[in-house]
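Here, each number is a calculation from the coordinates, and none is a lab measurement. Worth saying up front: this structure is predicted, and the values here are computed from it rather than measured. Backbone-built Cβ (ideal geometry, glycine too); neighbour counts: all protein chains shown.
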Amino acid sequence: MIKSYRELCRLSSFEERFEYLRMGGTVGRSTFGFDRYLNQTLYQSREWKISREGILLRDSGCDLGILDREIFIRPTIHHLNPITIEDLERNRECVFDPDNLVCTSPDTHQAIHFGDSSLLPRLPPERRKGDTCPWKRAYLQA
């Protein structure tokens, strides 16, 4: 199944978007193996930096493009459909296609690749009237 940002945006909740993107990879399995230098070269390229900036602006720097999911550390730009060595060598459109890219937090990115929802960042507890120590409740519930 080919995934797209347009299709992702039809899903309103963060959880639905995560399930749509979940890959269920294996920890320790290298995507590019000995050819990892290829994707590292990509991420240093001018074309990638321009593309990355466009995705950050489009998604307002929010996790999976959900506006109440701000990212407070360096965001990761995730390919909805994994790219291959051949995609990089042939400079295929899918590498820079905005419909194949989404802004994620590093934790969400790991959760997508490993298919592990326990890695997803949690929202802070909602504040209530008279609630002077919401962080205590969060730790007690964890």
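Structure values in brief
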{"quantity": "Protection proxy ranking of 108-118, 4-14, 91-101 - average other beta-carbon atoms within 10 Å, highest first", "calculated": "108-118, 91-101, 4-14"}
{"quantity": "Per-peptide average of other Cβ atoms within 10 Å, ordering 39-51, 65-77 highest first", "calculated": "65-77, 39-51"}
